[in-house]
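Values quoted throughout were computed directly from the atomic coordinates according to the rules given, and no laboratory measurement underlies them. Worth saying up front: this structure is predicted, and the values here are computed from it rather than measured. Here the Cβ positions follow ideal geometry from the backbone for every residue, glycine too, while neighbour counts run over all protein chains shown.
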Amino acid sequence: MSAWKEETFQGVIGRTVEESVPWWPKPDKPSEGRPNIVIILLDDLGFAHLGCYGSDIHTPHMDALAAGGLRYNNFHTTAICSPTRASLLTGRNPHSAGVSFVSEYDSGFPHSRGKVRKDTALISEILLEHGYSTYAVGKWHLTPGKEQSNVGPFDNWPLGRGFEHYYGFLSGATSQWYPDLVEDNRRVPQPKTPEEGYHLTEDLTDKAIEYIRDHHSAAPDKPFFCYLAYGATHAPHHAPKEFIDKYKGKYDKGWDCTREEWFARQQALGIIPADAKLPPRNPGVKAWDELSADEQRLYARMQEAFAGFLEHTDYHIGRFIDFLKTIGQLDNTLILLLSDNGACAMGGKEGTVNSWNGLGTQESFESKLKRIDEIGSPLANNHYPAGWAQVGNTPLKWYKSFVHAGGVKDPLIIHYPEKIKDAGAIRNQYHHVIDIVPTILELLHIEAPSVLKGVPQKPIEGVSLAYTFDDGSLPTRKEIQYYEMVGNRAIYYKGWKAVAAHKPDTPFEEDSWELYRVDEDYSEMNDLAGQKPEILRDLIDRWWVEAGKYGVLPLDGRSLAGKIRARKSVITQPAGPVRRKYYPSPSRFHASVAPDLRNKSFEIRVPLSRHTSEEEGVLISQGDGSGGYALYIQNNRLVFYYNYSGIGKYTVISDQELPAGSIVLRLLMLNTGDNEGTVKMFIENRQIGEGTVGHTGFLGFAGGAFQIGRDDQSAVSPAYAAPFAFTGTIDHVAITLGAYDFDVEAAVIRELATE
């Protein structure tokens, strides 16, 4: 029954109560006999990373789920986070659902709006209609960046898409120590600091347990759906030091040796075929023995941090599973655990310490080595090198964003004692993330709605894999699946796969297609394109048919820079200066609200009052300890601090002390070209300081929160401790720009994996 359906009154209404007959509608009965549904989604976890898929990382609780359920070794995703999440929750292909790339990017075409279309309902919306309580915890990444601000709109936040409660973060990545937390439809502070023991994975687990505990207390007979999407193991790789130190020295042997060991373990476990081959190293990955001793020491520590991060996540998944046991619901719960794409190579050849995405900044190797002891801590935003991502994808080629197997073949564990009797078995039927929703619907005996909330619905596009529960020898019921990601293309059809990696900003006609018989060639080693041209031609033709059927067109193979230029060309620029006013708030603002200060002149004007000269604190800040800017008063002087990704740090301090009382402080940045600017400080029109700032091409393009009157997470400047809230009174902060330069959101760059 629809949650908002009105029933016709069946009593009698007279002139008075005595002349009337009351009537009450029958209360909705719980969905008797239907199981709870839990989806546990991990991020950037490669095919080989779990112990039960071949790694030497300690993941006993996820391994236990596999031992009590089924492991799939031929399961596929979309190669990147937002599209996989859209497909996972809708049962439709990502382009069909409107999310062909990360949610911060809107291409201007229906297949890439960065939000799930209303005619492709989420499983949460369907289950809500059928008597389920619905909870989402963790990473969302299905709301466009421009809609993630504190004023929404909220129809693409979790509560707008069928979830009754939500706790987590909206964007593609966040610090595990200082996350940008949202509860329901508002930003909230984290419950404690890292120094007090805070970590996001623990916090998310606590909240999921809280939601289900409260649910079970109030309605023990009502089933629930919990979507638990951890930020782990997406970079930055943050974990408590005791977990990281468990792996100290374990990876000194290097990525080549580790990869060979994991491959051998996979064959021994039977998670890959006995005749599978281990491909050569991916292009760009050096042999471990060719690295210097310092390189080996640094890169090994980065992998130790990742391993500690994953084990820490496994520990808290174990807490969650133990809770389900405690309330007697584990056997009555369908648990699906998977990753959203292959391991990520965004750390590049050397990995990163200061800025996890590694794009736009060039940390020196020496600076990273000096910070080796900070890796994994709140002081770093580290990511391992591509060599370790390759290990995580053993025995597959390439990485996240590629539609070769390394980008799209991922772990899937299904635990459901009610239906799965072949505990611990491996299933090798070919399936895709769009097949999860139809599986759930089949098990619950629910038909996908043709209309929901008044909107006609697209058909479900996936194929249920519930048939695999009983018999691992049955042939796959999925015959065909297309792939497209940032121009990379592939298609699977009846045991064959054609795949092409696209070079950005080149014609698609120049792409080189490869052909594999993947039901016999697990690792995509033997390219048969030259031997079977007729099969390749047929598969390419089928790709175009599928592309037309599911809204993949137009293909977009432009580089990120090309997409930026195209977007700028269609946006009308303001004719004159633009002024924005911001008011003090204890809440953080999303980065989309912050002004774009890059390579332009601007003024920051702050009317404020101080009763004494000792009142101080942050006036405006954006970013975090890894990069950003802040304007603040300290020791009775005005200070402007700018940290360009740890590479360039600039401080301008007024040469005069500030008077108490009501004043107007002004900071004027004069763009002098060549990525530099001159900062001038004023009280009204009286200059009180001046200095030079470099790297202005990145000013205002940092991650982290945008705040007025405080800096309450990872402090931008090392000169103060968070939150360093201003103790006087700020009327407002006015920022005037010569013109805005609209751009693709920062999160797009952070999510896009490159070669």
Fill in the blank from the handout: Restricting to Cα pairs under 8 Å and 6 or more apart, the percent relative contact order of region 578-739 works out to 39
Handout entry: In nm, spacing of pseudo-spin labels at Glu690 and Val17 (7 Å Cα→C-beta vector)
Key = 8.3
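Rounded, prolate or oblate for the chain? Axes are the square roots of the Cα gyration tensor eigenvalues, ordered a ≥ b ≥ c, and the cut-off for rounded is a/c under 1.5. Provide the component values of the computation, followed by the final result.
On the way: a/c = 1.67, a/b = 1.25, b/c = 1.34.
The shape class here is oblate.
In what sequence do Ile735, Ile13, Ile446 fall when counting other Cβ within 10 Å, fewest first? Present the calculation step by step, with values, prior to reporting the outcome.
On the way: Ile735 20, Ile13 11, Ile446 17.
Fewest-to-most Cβ neighbours within 10 Å comes out as Ile13, Ile446, Ile735.
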Handout entry: Given charges at beta-carbon only (K, R positive; D, E negative), |dipole| of region 201-351 in Debye
Key = 180
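For region 183-266, give the magnitude of the charge dipole about the Cα centre (Cβ charges: +1 Lys/Arg, -1 Asp/Glu; no others), in debye to the nearest 20. Intermediate values should be presented prior to the final figure.
Working: 13 positive and 16 negative charges, 40 e Å.
So the magnitude is around 200 debye.
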Fill in the blank from the handout: Between the modelled labels at Asn526 and Asp470 (7 Å from Cα along Cα→Cβ) the distance in nm is 3.5
Exercise for the section: Enter the mean projected area of the convex hull around the alpha-carbon atoms of region 416-555, in nm², rounded to one decimal. Expected result: 11.1
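Take the alpha carbon gyration tensor of region 578-739, find the square roots of its eigenvalues, order them as a ≥ b ≥ c, and report rounded if a/c is under 1.5; if not, report prolate when a/b exceeds b/c, else oblate. Before the final figure, lay out the partial values.
On the way: a/c = 1.39, a/b = 1.17, b/c = 1.19.
Rounded, since a/c falls under 1.5.
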Completion exercise
Once Lys and Arg are counted +1 and Asp and Glu -1 for all other residues with Cβ under 9 Å from that of Met681, the total becomes 0
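Going by a ≥ b ≥ c, the root eigenvalues of the Cα gyration tensor, does region 299-388 fall in the rounded group (a/c under 1.5), the prolate group (a/b larger than b/c) or the oblate group? The partial results should precede the final answer.
Working: a/c = 3.70, a/b = 2.42, b/c = 1.53.
Note, shape of region 299-388 comes out prolate.
Only four residue types carry charge here, +1 at the Cβ of Lys and Arg and -1 at the Cβ of Asp and Glu. Report the dipole size of region 480-567 about the Cα centre in Debye, rounded to the nearest 20. Intermediate values should be presented prior to the final figure.
On the way: 13 positive and 16 negative charges, 94 e Å.
The dipole of region 480-567 has a size of about 460 debye.
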Fill in the blank from the handout: Excluding residues fewer than 8 positions from Lys581 in its own chain, the lysines with Cα under 22 Å of it are Lys146, Lys600, Lys680
Exercise for the section: Please work out the FRET efficiency for the pair Asp331 and Lys277, using the Cβ-Cβ distance as r and a Förster radius of 41 Å; give the result to the nearest 0.05. Expected result: 0.55
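Only helices at least 15 Å long along their own axis, judged from Cα atoms, and with Kyte-Doolittle mean hydropathy of -1.0 or greater: name those in the chain from DSSP H. Spell out each step's value before the answer.
Working: long enough: 200-218 (27 Å, -0.82); 254-269 (22 Å, -1.04); 293-326 (49 Å, -0.47); 533-549 (24 Å, -0.48).
What comes out of the filter, once short or polar helices are dropped, is 200-218, 293-326, 533-549.
What's the ranking of 480-491, 255-266, 321-332 by average number of surrounding C-beta atoms within 10 Å, highest first? Can you show the working numbers first?
Working: 480-491: 23.6, 255-266: 19.8, 321-332: 15.3.
Listed from highest to lowest mean packing, they are 480-491, 255-266, 321-332.
What list do you get for Glu442, Glu311, Glu524, Glu366 if you sort them by fewest beta carbons within 10 Å?
On the way: Glu442 14, Glu311 20, Glu524 24, Glu366 9.
Result, fewest neighbours first: Glu366, Glu442, Glu311, Glu524.
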Problem - Cβ-Cβ FRET estimate between Lys286 and His611, R0 fixed at 41 Å, reported to 0.05 - result: 0.10
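Are there any trypsin sites (Lys or Arg not before Pro) in region 177-219 that are in a DSSP loop and have at most 11 other Cβ atoms within 10 Å? List them by number. If you can, show how the numbers build up before the last one.
On the way: sites: Arg186, Arg187, Lys192, Lys207, Arg213; in loops: Lys192.
Of the trypsin sites (Lys or Arg not before Pro), the ones in loops of region 177-219 whose Cβ has at most 11 other Cβ atoms within 10 Å are Lys192.
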Handout entry: Percent of beta bridges antiparallel (DSSP, region 36-469, rounded to nearest 5)
Key = 35
Fill in the blank from the handout: Proxy exposure order for Met669, Met302, Met681 (fewest C-beta within 10 Å first) is Met669, Met681, Met302
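Please give me the summed charge of the neighbours of Leu41: other residues whose Cβ is under 10 Å from its Cβ, Lys and Arg +1, Asp and Glu -1.
Net of charged neighbours comes to 0.
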Exercise for the section: State which entries of Lys478/Lys549; Lys139/Lys286; Lys115/Lys222; Lys478/Lys503; Lys222/Lys478; Lys115/Lys549 exceed 25 angstrom in Cα-Cα distance in the structure shown. Expected result: Lys139/Lys286; Lys115/Lys222; Lys478/Lys503; Lys222/Lys478
